[in-house]
Each structure stands twice: as structure tokens, then as C-alpha cells.
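The values are calculated or read from the model by the stated rules, or taken from the named source; none is laboratory data. Since we're looking at a predicted model, the values are computed, not measured. Heads up, the Cβs are rebuilt from the backbone with ideal geometry, glycines too, and the neighbour counts pull from every protein chain shown. What goes into the accessible areas is simple: the full protein's heavy atoms, side chains included, and nothing from ligands, DNA or RNA. Shrake-Rupley method; radii C 1.70, N 1.55, O 1.52, S 1.80 Å.
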Amino acid sequence: MFGNLLPSLVLLTSASIASVCPSGLVLQADHRCHYDIRYLKQLGQTGLQKSFAHSDDGMDPQQIALGKLLFFDPILSRDKDLSCAHCHQPARGFSDGLAQSKAHGLSLPRSAPTLWNVAFSPALFWDGRATNLEQQARGPLFSPAEMAMTPELIEKRLNQIPEYRNLFLSTFESDYITAENVISALASFERTLVSFNSRYDRYVFGEPNALNDEEVRGLNVFRSFVTRCTECHTPPLFTNFQTAIIGVPDGNADPGMAKTTGETRLTGAFRVPTLRNIGLTAPYTHAGSFKTLADVVDFYDRGGGRHLPHPSAYLHWHIREMGLSVEEKKALVAFLLTLTDESLLPETPSRVPSGLKPLPGPHRPG
Amino acid sequence: MGLCKFGRQELAILVFISTLMPTARAKTITVSAGKSIQEAVARAVPGDTIAVEAGTYAESVVVEKPGIHLIGIPKDGKWPVLEGGGQRNDGVIASGSGFEFAYFRVQNYKGNGVMTQGADDVRLHHLIINDTGIYGIYPTRGKKVLVEDTISWGIADAAIYIGMCQYVDVRRNEVFKSVAGIEIENSHHALVEDNSVHDNTGGILVFTLPGLPEKTGFDTIVRRNIVTENNLKNFGAEGAVVSQVPRGSGMIVLAGDGVQFEDNIVRGNETGGLIFSDMDFMADSTAPDPAVDPQYDDNKVLGNIFLNNGASPTGKVRLLLVATHFSLHGADIIGYGKGRRNCIRSGMAATTLGTEAFTQCAAKETTASIKSMFDQAPALEVHQSKDKQSGETLFNAVCAGCHGQGIRLIGPPVEEIQAKYKGNSQGIVEYAYYPTKMRNGYPSMPSQSHLGKVELKKIADYLLGLVPHK
């Protein structure tokens, strides 16, 4: 009985800290954090202001705060050397600046996708094999090549850390930490990573001077049917959540969606990535094939890739030679850079309950 | 913060109202030859008319504001002409709702003639469009779209292309010498009526294609069109879906559902007059999409007149006919694949191939009661905060288009839903959130999860409390 007294004191403190929503979210009457996003505000918005479909059931503020600590805590890897933030570094658009992510000094097959606006994606991983963030988190956590954990090891480790026990007790009303609840908290935190306040958004919502002339020209090239960019990178999320074969050479014959679906015609097909914060997440494509946005624009301008890893796979039918002028390509890149917005970037915690170093790891190029 | 937010919403409502109602402030800005239309757009406010005098305008026009009317003033046979010179990308791109574009010629652009992106309540009429690259007239992702009284030709994809739209009328247009005349793609509630469609590769196409965010296409009426001699050699870009349309196709339904053909004149199309096909027939160059039903279902061929179609089929149709019917001739009506619940009116004197599974349509069945899809659209959702919307408003705005009282529209009538979910509004919420295909003979309901469960509950409670009309 006495043993429970101290934790409940800590519980009170942590609960009061955590009942605040991060910026960009608003605590509503259901005591949950709901999005405060212009594109989700009203029905019937059209054109560039068009709202997108999303059911906002809200997130528990305590889970968000707890998930943030877990996100940065290397305790979640077998060798205590990787946190989620190692490959999804806040300072690098929640990617890692690498063509292919690394764990334990070895390269993984694909690049780390950004987590900005990941809450709104109905499919996760480059090959879309997870349909929600809870499912997705199990991938890197339990992959032997990555964090190499097991649910048992997570529970064993975290239940030995009193601070985590207290936090979980106040959040989940159970003094035993389950892997399930760990994943649930991580997902809640990831759902708060939203970016809709770029200069582009300000332009869309009535600030004509938020973009300069070249950037507006770039937007119009982006929307043009010579490029057809918006067909797949549809505003406001700048993805239509479909998959496409664009034929980039990846050097390792990545099967892509063929593995997810068992359909050989989807060999080399990958999820259309968002372009939000694209200026922060170089290099580009699933295999990091392009170092700069100018390289990507050139690639599409030339009609995409001819690297089709399976005879039954076809290049996406919207991709063809564009014949853009040098100025148009430059304007397009200038426009893409207006999609940068880190106004709701969460602060990296100064410490995590395990006492391990919370910052992203040593492989920080550049 | 709270105050600030409220202010913004009120502003949005005001802005919205001002776009819907012509106000005393609405003005006309006249543009003369030699001046810039785009510059006039920059000065315009919602509700304004930009009147453009005859002359050549070598520019691309982008309209982001709502409620803009861009209207030409042709005089003595001379038109205002948007001229792309083979250099510029698109004639007009508009993303503001309530956009009207009329009395213009648009020619020689590399991309599209006129395109609307995500704009609702769009009216495109009295236009002459030629040689504009990919599409002539292309509204996409819009509700309430009107395309009337236009002429277009020389387009490498579709002259008129309706992409992922709802409540559309395409009426009294002439389309020719293009790869596709009129294409209705992954759209709902479209009326294609009184058009002249000739000398294209394929005349009227109703397609449900894979890989797009909208996974279904249903409820299209194709009525009183004259579809003749669409025998042009296919000049579509390699890789484009339409590049696989066989020359000589009068009308094609590809994986489309709920398309009704009535009172069309269909003559001299050398591959076939009306071809129904499953997805793999033409869309095999696109990556497959498990979320799209590949079959053509619930289509009806009511009274039409067919003459002399299928004289010399080409492409896959030819191969297919040789392989399965030992024939070198096409037919007025061709079925390919495993379509379900399709019917043909008897006594039309049409030649058929592969339509054994079609039944006879009911003798008196007609689309005559539907005069317009555009006018049938539910009131566009207005800018107001979600919590101010009642279940009734939401039901009428979102659901009533498909679920009628005492009548089957697209989905089951209200009474059937009430019987099934009596006392269980949460059941409706769960279903509307993640719909599953429940009934044969009905198209799948699209998920309404974007409304959120709170709003869905309001709708469900309202629906269960509805009393029969008297």
C-alpha cells in the first residue's frame, strides 16, 4: 500500500504537465487534443483551400507527452543505441539525411520517410504494408536489423524504470507497462507532427505576398498539365496516397508493392510521398537516388526512369517527357521550397526516463 | 486564441456568402486586346465579371479566387483567343469555386485548354478549343460541373474529360478528331446529353480506372448523343490509357457501373458501337488496384438506334473476336468480361457479341425523369463550423443524394435503413465509417469517415427519426 503512495504523487505532477496539448492541437470538451488545422476546419472549402478527409477523434494529451519521451529513448532498441529519432530526426524533417538509413553501421534497404503529417496517411512504409501508425511502429521496433526488440523485452525493460511506471500508470491506469501501450503512446505522439503553416498555405489562405513571383510561377508549373504533378501530389497534403512506378534506379531491385500485394505488376511501385517539408528531407525517393530537388525535377522532365524491374510493370501513365525550360524547372524547385514549415516542431526532451542520451545518434552527415 | 479562431470562422462564412450571392459590389472589368487577362484577375473580387474583348491573348490565366466570371465578348465573328503558341502550358487553370468561363477560343497549348482543380459549381460553356495537348476541357475533383455548347478538336487525350467529379452535365457539345471525345472517369452522377461525337478514335468513354483516390464510378446517363464514325487512328501518347482505345469505338464502358444509354444514334464505328469491358481490357498498362472493382455492372442499354457498327475491328477487339467468336466483324454492342446485372432493351435491332449474360431491360424503363444532374446536386456544404450543423443539414448535404425516402436512388431507401438499424444509430455510424459491400445490385457506399463519428451520429439519429413523406 505504501509503495503506491509515492507514485501517485508523481502521477499528479506528470498528469498536470501532460494535460496540455502541443501547439497546433486544441484541448476540447472530451479532454482530448484535436487538430487546429485550416484544411480540417470547414466542410465545403474548395480549390486550393479544399479540406481533406480525416476523422479527428482526438488524442490523449498524456499519451502524447509519454510517446514523445519514448520516441527519443534508445531504451527501445536491443543495444540501447537507436531511438525512433535516430532515423526520424526532427532537425532533418524527421528523416535522416541518408540515401538509405543505417542501423548498427549497416545500411537498410530504403530511406527513412518523413513523419510530417504522417497521421493522415492511410498506408505507411514505402511499400504501404502498414495501415496505421501502431502497425507501422512494430516494423522497426521488432526488426532484427533495426531496433531488434521483442514485446517481452520492452515490457521487461520499461517495467524496471519507476519513472516510466508512474507515467504509464497515470496515462493508461495500469501499473504494468505493456508493449501495446508503448506503441499506442508512440503513435499518439507521431500524430501530432503536423505541418500546414508554410508560406504556400499562407498564400492559399489569402496572403498574396507570401510567395514571390518565381514561386507563384513554380506553383503554376506544378499545377500545369505539362507536368501533372498535382495528379499524384495533390494539395493540401501533396500526396494522393496512391502508389506509383516512376522507374528510379535503386541498385537492389526493390520489389516495392509487389511484395505487399503479391502482384508482380506492382514491382517497383512505391507510395507517393508527401511533398510537405520536402526541402528538408534530401536525398529523395525510396532509395535516396537523387541528392537535390533539381535532380528530381530533371528526372521527371526527362520522362521519368526506364528502370522497370519487372517485364509486366509499366511506368505510371502520367509520367512523360515535359520539355520544361530552365526557368520553369528553377521555379518549380523554388515553389517546392515554400512547402517548408516547422512551426510545430516538437522540442527534443533534455532527458528521457531511461537516463540514456535522447538525441539522434552519431551518423549525422553534413 | 479562442477569439481569434472565432473571428476567422466568421470571416470564412462572410467570404463564402459573398461568393454565392451576387452583391451590389459585383463589378465588370473589361479587358481590351493587348492587355493582360491575368492582371484583371488580380484586380477582381469574388462575384466580378471579367469581360474580354475580341483579340489574341498570348498568356496562361490562373484563377484562384472564388466566384470569378471570365466571359469573352465575341463581335462580328471575331473571338477573344487564348493563344498558347505551342509554347505555353495551359490556357486556364481555375481552383476557385463558382468559376464561369465562356465565349472564348483556346488553342495551341501544351497541357490543357481549361482545367478546374477542386473547384465546385463550375460552368464552362460556349468555348471553342483546339490543339491543346492533353485535354481540352478538364474539370477535376469538383461538385456541380456544367460543360455546355462547346466545340473541340485535335486533342491527344480527351476533348472533354470529367475526372473524379460529381453532379455533372455535359450537354450540346461537338467533339471530333481527338483520341477520346468525351470521357467520364471515376465520377458520379453525370449526364452526357445531346452531344455530337464524331471522327475520334473513341467517342464517349465511361471509365473507372485504377490508382486514383476515387475508387468507383457510377450513375451516368448517356442520352440523345449522335456518335458516328469514330474511326480516327489513335494518336494518344504512349503509356496513356487512351492510347489503348481501339480505333472505331463508338462508346466504351470500362469497369463502369450504373451507366444508362438511351436514345443515342450510333453509326459507322468500325470496331463496335457500344463496348462493355472489364478493367484488364484496356487498363492493363496501369498498375492494378485492389480497391477498384474491375467489372462493369448494372448498366442498361435502353432505346438506341445502331447502324453499321463493327465493320472492321482493330486492336484487342479484333484479336478477341477472332479468338472467341471466329469472326472478323465487330458488332453494335460488344461485351467483354464478367459484367453483372447488365441489360439490353429488346427490339433494338442491334447486333451483339459477348452479351449472353445481359438480361432484357424492363420495357418501360427510361431516364426521362432526370433532366439534369447539375441541378440535382445537394446544396453545396456551406462554410460553417461543424458543431453548428444539425443532423438534418448534414443528411441533406451528404446522404440524400443517394438515399431517398420511399424511393431507391443510388443506395437503399431510408425506410430500409431504418428497418435494419432500428434503435441502433451507432450501427449506422460504424457502417458509414467503414462501409462494406452489403447488397447485390447496389454500388458500394463510399466511406464517410471524413465527417467524423460525432457528425455521423447526428446524421444517424436524424435518419432513424425521419417519418415517411405524405
Response to the item:
Simple spin-label estimate for residue B:379/residue B:327, 7 Å along Cα→Cβ, in nm, reads 5.3
Worksheet item: Where both residues lie in the protein assembly as shown, what percent of DSSP beta bridges are antiparallel, nearest 5?
Response: 10
Item to complete: Take A:171, B:201, B:324 and sort them by solvent-accessible surface of the protein heavy atoms, 1.4 Å probe, largest at the top.
Response: B:324, A:171, B:201
Worksheet item: What net charge do the residues around residue A:355 carry, taking every other residue with its C-beta under 11 Å from that of residue A:355, with Lys and Arg at +1 and Asp and Glu at -1?
Response: +1
Practice prompt. Give me the accessible area of residue A:27, 1.4 Å probe, in Å² rounded to the nearest 10.
Written response: 80
Item to complete: Quote to one decimal, in nm, the extra length available between residue A:302 and residue A:27 on full extension: 0.36 nm per residue of separation minus the C-alpha distance between them.
Response: 94.2 nm
Worksheet entry | Net +/- balance of residues flanking residue A:225 in space, Cβ distance below 13 Å, scoring K and R +1, D and E -1 | +2
Item to complete: Straight distance only, please: which lysines reach the Cα of residue B:177 with their own Cα at less than 16 Å, same-chain residues fewer than 8 apart left out?
Response: B:233
Worksheet item: If you take the square roots of the eigenvalues of the alpha-carbon gyration tensor of the stretch B:200-379 and sort them as a ≥ b ≥ c, do you get rounded (a/c under 1.5), prolate (a/b over b/c) or oblate?
Response: rounded
Discussion item. Rounded to two decimals, what is the ratio between the C-alpha radius of gyration of chain B and 2.2 N^0.38 Å?
Written reply: 1.02
Practice prompt. Please return the longest stretch of chain B lacking exposed loop sites, where GluC sites (Glu not before Pro) count only if DSSP places them in a loop and at most 12 other Cβ atoms lie within 10 Å.
Written response: B:1-237
Practice prompt. Within the set of other residues whose C-beta is less than 12 Å from the C-beta of residue A:64, count the net charge using Lys and Arg as +1 and Asp and Glu as -1.
Written response: +1
Item to complete: Determine the shape class of the stretch B:40-138: with a ≥ b ≥ c the square roots of the Cα gyration tensor eigenvalues, call it rounded for a/c under 1.5, and otherwise prolate if a/b is greater than b/c, oblate otherwise.
Response: oblate
Practice prompt. Can you sort A:223, A:129, A:271, A:265 by 1.4 Å-probe accessible area, starting with the largest?
Written response: A:129, A:265, A:271, A:223
Worksheet entry | Pair-distance profile P(r), taking every C-alpha pair of the stretch A:28-83, with 10 angstrom steps and integer % | 20, 29, 25, 19, 6, 0
Worksheet item: What are the lysines whose alpha-carbon lies under 27 Å from the alpha-carbon of residue A:156, with same-chain residues fewer than 8 places away excluded?
Response: A:68, A:80, A:102, A:357
Worksheet item: Largest first, how would B:467, B:41 line up by accessible area (1.4 Å probe)?
Response: B:467, B:41
Worksheet entry | Magnitude of the charge dipole, the protein assembly as shown, Cβ model with Lys/Arg +1 and Asp/Glu -1, debye to 20 | 280
Practice prompt. Please figure out what share of the DSSP beta bridges in chain A is antiparallel and state it in percent, rounded to the nearest 5.
Written response: 90
Worksheet entry | Debye intensity ratio I(q)/I(0), log10, chain A, q values 0.07, 0.13, 0.15 Å⁻¹ (C-alpha model) | -0.33, -1.08, -1.36
Worksheet, complete the sentence: A student applying the Cα gyration tensor rule (rounded when a/c is under 1.5; otherwise prolate if a/b is larger than b/c, oblate if not) would label the stretch A:212-366 oblate
Fill in: Sparse-neighbourhood loop sites, chymotrypsin sites (Phe, Trp or Tyr not before Pro) in the stretch B:237-342 - DSSP loop, at most 12 other Cβ within 10 angstrom
B:326
Fill in: Shielding by other protein chains, B:64-72, mean Cβ within 10 Å
2
Discussion item. Per DSSP helix of 4 or more residues, -39500 (n - 2.57); summed, then divided by the residues of chain B. What does that give at 222 nm, rounded to the nearest 500?
Written reply: -4500 deg cm²/dmol
Practice prompt. Scale the Cα Rg of the stretch A:147-283 by the rule-of-thumb value 2.2 N^0.38 Å and send over the ratio, two decimals.
Written response: 1.52
Worksheet item: Computed FRET efficiency, Cβ-Cβ of residue A:53 and residue A:214, R0 30 Å: what is it to the nearest 0.05?
Response: 0.40
Worksheet item: Excluding ligands and nucleic acids, what accessible area in Å² is computed for residue A:23 using a 1.4 Å probe, to the nearest 10?
Response: 80
Fill in: Solution diffusion estimate, µm²/s, Stokes-Einstein, the protein assembly as shown, Kirkwood Rh from C-alpha pairs, 10 °C, viscosity 1.306 mPa s
55
